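As structure tokens, the structure follows; a few thoughts come after it.
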Amino acid sequence: MSTPGVTVEAAAKTEEKRAKPPARPYSGALVVVEGIDGSGKSTQLHLLKRWLEVGGYKTYFTEWNSSPLVKSATRRGKKRHLLTPVTFSLIHAADFADRYERQILPLLRSGHLVLADRYIYTAFARDGARGCPVEWLRNLYQYAVIPDVTFYFRAPLEVAIRRILSGRPRLKYYEAGMDLGLSLDPIESFTKFQGLTLARYNQMVQTDNFVLMDGTLPVHQLQQKMRDVVGGHIELKRFKNGT
Amino acid sequence: MSELGKRAAETESEPESVRSAAASPNGADSWTTDTAAARVAVGLPTRDRSELSGHLMVLEGTDGSGRSTQIALLTEWLESQGFAVQTMGLRRSFLIAKDIDSLLAKNSVTRYTLALMYATDFFDQLENRILPALRSGMIVLADRYYYTLIVRAAVRGLDHDYLHRIYDLALPPDLTFFLNVRPQISFEREFQKSPAISFWEAGRDLHLSDDLYDSFISYQTMIRKEFVALAKHHGFTTLNGENPIRTVNADLRKRIASYLGIKNIRYKPSHALVHLWQ
């Protein structure tokens, strides 16, 4: 029987090592698209994924939607309008952590090219627009690796709103930012909330090295640029299947 | 990186309309920002506590340190003194408590996720139960507070600074008591409560030992060490939780009475609670 003291110290030591990983403890690469709804980012990431798959690269696509673990709580909170800006932020942070720890990081460690539709910057923009302190938000996601490339799709607010509203007329309560009391009209509230979110994104262009993409340009042209940037920043041949 | 910067600079000048939308020339922007900030301030404690006429008192300690027993007794005593009491504990939020229960049961959860779900549970209770109670002048007795959450996550390797900063937004208690007991005593008390030691009480997820007793002792030792450090750092009142319940209770009453200005600290539990009085 080992004495508790020894076990504890040994355990504490391993924990300490685990808590501070080296700057880049993985061989994969992470490409992220960010931007408000209707900025065209998902379409572009989809096309990038097609290109990489057809090219025979080890690719994995992940998006910011609820992981099964946190889903029921998120649904309950949203349906009954129980969430405050802080709990809204925390429940999504838990959700992200689950996906990060069980999916994104293992994939990066095993040498995949991971494509993420939204990443931590979504939380910075959206929860920041809700009024959560920026420093607090940054700390919440501090463990998440910095992407190799972050594409920021920027479209004028009117363009993005038009795209969203033409395809999906019913806006959900939190999606429209109704919890902020910006307006009783969902569309007006949504427009204001997206404007606040957009302003947050714009502030991050410099601080977070976003590659700025003009969401009003033709799809094909944007995609060409995206492929050029990815090819220029990531040594793609490392991700060839079967090598 | 410089390549990225250059590319960003190239496209920077393009969408002028975007910038004007963001900056909102008609002043609507500042109004909405203020509203958002106000909204957070409504839910969250600012450092200004003048609107909170109640008092928040926290009992911290490892498993089996006697917190729940003491809270039951203190509640009765304070109510008999005419104070309205609200209790809180971890994993009791309407929002997410059940989900944490089922996660723990499945043992499939990872450490950041669990830490953040507990944080959600904590802030949901803080904003929706504790702050309203404090605003209406109640005494809130907390059976564990965010310190436990920091301690548990810290022994699982999360950074102390990371954890403390999450709870920067939380309300610091008026009084915090740490009931200090040795792990061996914890074990005996927990075993009296239920006939078997649980997975989480023994910190089995940390793989400290295949022997359940060893695992329990090692885990509780780690937890206790973290608590002792926190108690020192935050100036908790440390009480010897191994003393008889009535001795610990008398000590708690004395300190709470002096804080609240209660003159009479004599107390004998009612018939309903007399079984706790050892």
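Over all distinct Cα pairs, what is the inverse of the mean 1/r for segment B:56-276, reported as the Kirkwood hydrodynamic radius in Å?
So the Kirkwood estimate lands at 18.2 Å.
What lysines sit close enough to B:LYS106 to cross-link, taking a C-alpha to C-alpha distance under 26 Å and skipping anything fewer than 8 places away on the same chain?
Within the straight-line limit of under 26 Å, B:LYS106 reaches these lysines: A:LYS71, A:LYS78, A:LYS79, B:LYS98, B:LYS193.
Based solely on its DSSP helices, what 222 nm [θ] is calculated for the protein assembly as shown when runs of n ≥ 4 H residues each add -39,500 (n - 2.57) and the sum is averaged over all residues, nearest 500 deg cm²/dmol? Can you show the working numbers first?
Working: 22 runs with 273 residues, N = 521.
About -16500 deg cm²/dmol.
Let me know the shape class of segment A:39-130, please: from the alpha-carbon gyration tensor, a ≥ b ≥ c as square roots of the eigenvalues, rounded when a/c is under 1.5, otherwise prolate if a/b is greater than b/c, or oblate.
Working: a/c = 2.51, a/b = 1.85, b/c = 1.35.
In terms of gyration-tensor shape, prolate.
Would you mind calculating the relative contact order of chain A from Cα pairs under 8 angstrom and at least 6 residues apart, reporting the percent as a whole number? Working shown, then result.
On the way: 295 pairs, mean separation 73.9, N = 243.
Relative contact order, chain A: 30 percent.
Of all the C-alpha pairs in segment A:27-235, what % are more than 22 Å from each other?
Values: 10871 of 21736 pairs.
The answer is 50 percent, as a whole percent.
Take chain A, connect every pair of alpha-carbon atoms lying under 10 Å apart with a spring to form a Gaussian network, then pick out the residue of A:THR197, A:THR62, A:THR150 with the largest mean-square fluctuation.
Its mean-square fluctuation being the largest, the pick is A:THR62.
Assuming a ≥ b ≥ c are the square roots of the Cα gyration tensor eigenvalues, decide whether the protein assembly as shown counts as rounded (a/c under 1.5), prolate (otherwise, with a/b larger than b/c) or oblate.
Working: a/c = 2.78, a/b = 1.61, b/c = 1.72.
It is oblate, given that a/c is not under 1.5 and a/b is not larger than b/c.
Where both partners of a DSSP beta bridge lie in the protein assembly as shown, what percent of those bridges are antiparallel, to the nearest 5? Show your work: numbers first, answer last.
Numbers: 1 of 38 bridges.
The answer is about 5 percent antiparallel.
Values quoted throughout were computed directly from the atomic coordinates according to the rules given, and no laboratory measurement underlies them. Everything quoted here is computed from the prediction, not taken from an experiment.
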